[in-house]
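Undergrad: Pasting a structure below so you can have a look.
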Amino acid sequence: MHQMTLAEIARGLADKKFSSEELTKVLLARITQLDPQLNSFISLTEDLAIEQAKAADARRANGESGALLGAPIAHKDLFCTQGIRTSCGSKMLDNFKAPYDATVVAKLAAAGAVTLGKTNMDEFAMGSANESSWYGAVKNPWNLEHVPGGSSGGSAAAVAARLLPAATATDTGGSIRQPAAFTNLTGLKPTYGRVSRWGMIAYASSLDQGGPLARTAEDCAILLQGMAGFDPNDSTSIDEPVPDYSAGLGDSLQGLRIGVPKEYFSAGLDPRIAELIQNSIRQLQKLGAVIKEISLPNMQHAIPAYYVIAPAEASSNLSRFDGVRFGHRCENPENLIDLYKRSRGEGFGAEVQRRIMVGAYALSAGYYDAYYLKAQKIRRLVKNDFMAAFNEVDIILGPTTPNPAWKLGAKNSDPVAAYLEDVYTITANLAGLPGLSMPAGFVDGLPVGVQLLAPYFQEGRLLNVAHQYQLNTDWHTRTPTGF
Ligand code: GLN
């Protein structure tokens, strides 16, 4: 039962082969049995899950239908869930029970999805390895000595290990696509503004975007359908109609123009990954796509720009965690300043503190122009590169990551080494574009992802290309041994 995709579950529920309650119980038992190896969950919500599953079964019995009605999922633990701990992977929020549901959580619940729990993540979504969580590192089900990617590593590991079919995630600089690549999943970062950020604990507000992590493009279409749409509570949410993503999966790729940036195949890319990307290009050519070499000349500046802008926004967003209103408060403060200092010093981990300091420095008088403003100018150049490229091509293709999942601890002593791994993903966040990662093969038994980028609001195009690719390849069907 645990092998089923969301699409298969929807068919099984519609055909009354099993109930949502039965399926939910099977998956909860599987999580209890197998998750100790992975550490992919921070909280399990068994009672809520059974209650939601029963309600979904009752709605189906009353003649209602819908692809998410009775479908088990989990939420990355930065989506607020009313009355349930919402930790953001931090000691700071270990005691925080959200007073309301995030829009994404509320929308999916209304569609009938069943919440099995809250998944582990890098603290405040800062990281690419899921090692900065206060709840401990998450393991990659493909090799328990390797990281699953981050920051949505818990969602990725859980879905890859077949603990559940799909989960929500967020992507500020790659945190949906990179863990998807590291665990053989399909993950989609939507256009900035497509999915509401209301109730999604902010890391870098101008870059954060929620999206689906699942095993197939077909399932990402189902989950995105439940997440996307205008939200008056989020001033950056965009009032554009949401297309029927599942209905759009049947288009032929005949004549599709795929741009391959020459900058992507530089010295930093593992040659074995380059080879797999070439294979996926050949596969798409067989399906009728036309390949064109393009250039993204400002790509080299993207990492330094991102690692100024994201910490700058984080330093501002995280100032609300002061020991007064939310979360951790130190014992016996001597005065207000002592309360702030010790609550924040104790509540935040090393990586979060590093970024708050970098961000506060970049925003301070005298340095603002030199760092923050410069970074914003680079951001515009990165966007302009994409706009020029999309005049010539329909999608852009390349690797999701320069290397496969590294060993746990391998990059802990050198944060910049981890930052460099984000080279292919962060440009889409800087420009606000949608991007998808899908399985493209293996290197040393570890999964490799191919990334597709599209113009604004062309999530449907990404999902269709990935679906056509998945109809003709079987990488996405491979299961990690032991799960
Ligand atoms: N690795 C990037 C960072 O640490 C991206 C994280 C994310 O997308 N949340 O900022």
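Undergrad: Of the conditions (1) touching a strand residue (DSSP E or B) at 6+ places or on another chain (Cβ under 7 Å); (2) away from the ligand (no atom under 16 Å from the Cβ); (3) farther than 27 Å from I273 by Cα; (4) not hydrophobic (A, V, I, L, M, F, W, C), G226 clears all except one; give me its number.
TA: Of everything listed in (1) touching a strand residue (DSSP E or B) at 6+ places or on another chain (Cβ under 7 Å); (2) away from the ligand (no atom under 16 Å from the Cβ); (3) farther than 27 Å from I273 by Cα; (4) not hydrophobic (A, V, I, L, M, F, W, C), G226 misses just condition (1).
Undergrad: Still on this model: Only residues in the stretch 414-429 that are touching a residue at least 12 places away in the same chain (Cβ under 8 Å) and part of a helix (DSSP H, G or I) count as the first member; pair them with residues that are more than 10 Å from the ligand (Cβ to nearest atom) and open to solvent by 30 Å² or more (accessible area, probe 1.4 Å), Cβ under 8 angstrom, at least 6 apart or cross-chain, and list the lot.
TA: Here the result reads P415/R354; A418/K411; L420/G268; N429/Y192, each pair linking the stretch 414-429 to a residue that is more than 10 Å from the ligand (Cβ to nearest atom) and open to solvent by 30 Å² or more (accessible area, probe 1.4 Å).
Undergrad: Would you say V159 is closer than 22 Å to A7 by Cβ and either more than 8 Å from the chain's Cα centre (by Cα) or more than 13 Å from the ligand (Cβ to nearest atom) (or both)?
TA: yes
Undergrad: Quick one: count up the residues across the stretch 365-388 that are under 13 Å from A312 (Cα atoms) and open to solvent by less than 40 Å² (accessible area, probe 1.4 Å).
TA: 2
Undergrad: Go over the candidates S235, S206 one by one and state the one that is of a type outside the set (V, I, T), open to solvent by 10 Å² or more (accessible area, probe 1.4 Å) and over 30 Å from A350 (Cβ atoms).
TA: On the way: S206 fails: over 30 Å from A350 (Cβ atoms).
On inspection, the qualifying residue turns out to be S235.
Undergrad: State whether the residues of the stretch 82-103 include one that is open to solvent by 10 Å² or more (accessible area, probe 1.4 Å), under 16 Å from L223 (Cα atoms) and away from the ligand (no atom under 16 Å from the Cβ).
TA: yes
Undergrad: Right, D77: of a type in the set (D, E, K, R), more than 16 Å from the ligand (Cβ to nearest atom) and either at pLDDT 95 or above or surrounded by fewer than 24 Cβ atoms within 10 Å (Cβ to Cβ) (or both) or not?
TA: The answer is no for D77.
Undergrad: N62 versus (1) open to solvent by 30 Å² or more (accessible area, probe 1.4 Å); (2) among the polar types (S, T, N, Q); (3) touching a residue at least 40 places away in the same chain (Cβ under 8 Å): which is the lone unmet condition?
TA: With (1) open to solvent by 30 Å² or more (accessible area, probe 1.4 Å); (2) among the polar types (S, T, N, Q); (3) touching a residue at least 40 places away in the same chain (Cβ under 8 Å) applied to N62, the lone miss is (3).
Undergrad: Only one of these is part of a loop (DSSP other than H, G, I, E, B), open to solvent by less than 70 Å² (accessible area, probe 1.4 Å), in contact (Cβ under 8 Å) with a residue 40 or more places away in the chain and of a type outside the set (S, T, N, Q): V352, V358, V393. Name it. Before you say what the answer is, go through the steps one by one.
TA: Working: V352 fails: part of a loop (DSSP other than H, G, I, E, B); V358 fails: part of a loop (DSSP other than H, G, I, E, B).
Result: V393 is the single residue among V352, V358, V393 that is part of a loop (DSSP other than H, G, I, E, B), open to solvent by less than 70 Å² (accessible area, probe 1.4 Å), in contact (Cβ under 8 Å) with a residue 40 or more places away in the chain and of a type outside the set (S, T, N, Q).
Undergrad: While we're here: Among the residues of the stretch 301-323, count how many are in contact with a helix residue (DSSP H, G or I) (Cβ under 7 Å, 6 or more places away or on another chain) and free of Cβ contacts under 8 Å to residues at least 40 places away in the same chain.
TA: So the answer is 2.
Undergrad: On to the next question. Please verify whether D444 is surrounded by fewer than 16 Cβ atoms within 10 Å (Cβ to Cβ) and among the acidic types (D, E), treating the condition exactly as stated.
TA: yes
Undergrad: Ok, one more. Would you confirm, using the coordinates I've provided, whether D208 is within 13 Å of the ligand (Cβ to nearest atom), in contact with a strand residue (DSSP E or B) (Cβ under 8 Å, 6 or more places away or on another chain) and over 19 Å from P241 (Cβ atoms)?
TA: Considered against the rule, which asks whether it is within 13 Å of the ligand (Cβ to nearest atom), in contact with a strand residue (DSSP E or B) (Cβ under 8 Å, 6 or more places away or on another chain) and over 19 Å from P241 (Cβ atoms), D208 comes out as yes.
Undergrad: Could you tell me whether the stretch 49-59 includes any residue that is within 16 Å of the chain's Cα centre (by Cα) and more than 16 Å from the ligand (Cβ to nearest atom)?
TA: For the stretch 49-59, residues within 16 Å of the chain's Cα centre (by Cα) and more than 16 Å from the ligand (Cβ to nearest atom): absent.
Undergrad: In the stretch 455-483, which residues are open to solvent by 20 Å² or more (accessible area, probe 1.4 Å) and of a type in the set (S, T, Y)?
TA: Hits for the stretch 455-483 are Y456, T473, T477, T479, T481.
Undergrad: Restricting to the stretch 313-338, give me the number of residues that are at positive phi and surrounded by fewer than 17 Cβ atoms within 10 Å (Cβ to Cβ).
TA: So the answer is 1.
Undergrad: Which of the residues spanning the stretch 353-385 are in contact with a helix residue (DSSP H, G or I) (Cβ under 6 Å, 6 or more places away or on another chain) and under 14 Å from H301 (Cβ atoms)?
TA: The answer is Y371, A375, I378, R379, V382, K383.
Undergrad: Scan the stretch 266-310 for residues that are touching a Gly at 6+ places or on another chain (Cβ under 7 Å), within 16 Å of the ligand (Cβ to nearest atom) and of a type outside the set (A, V, I, L, M, F, W, C) and jot them down.
TA: Y306
The values are calculated or read from the model by the stated rules, or taken from the named source; none is laboratory data. No experiment lies behind these values; they were computed from the predicted model shown. Cβ: placed from backbone, ideal geometry, glycine included. Neighbour counts: every protein chain shown. Just the protein is used for accessible areas: all its heavy atoms, side chains included, with ligands, DNA and RNA removed. Shrake-Rupley method; radii C 1.70, N 1.55, O 1.52, S 1.80 Å.
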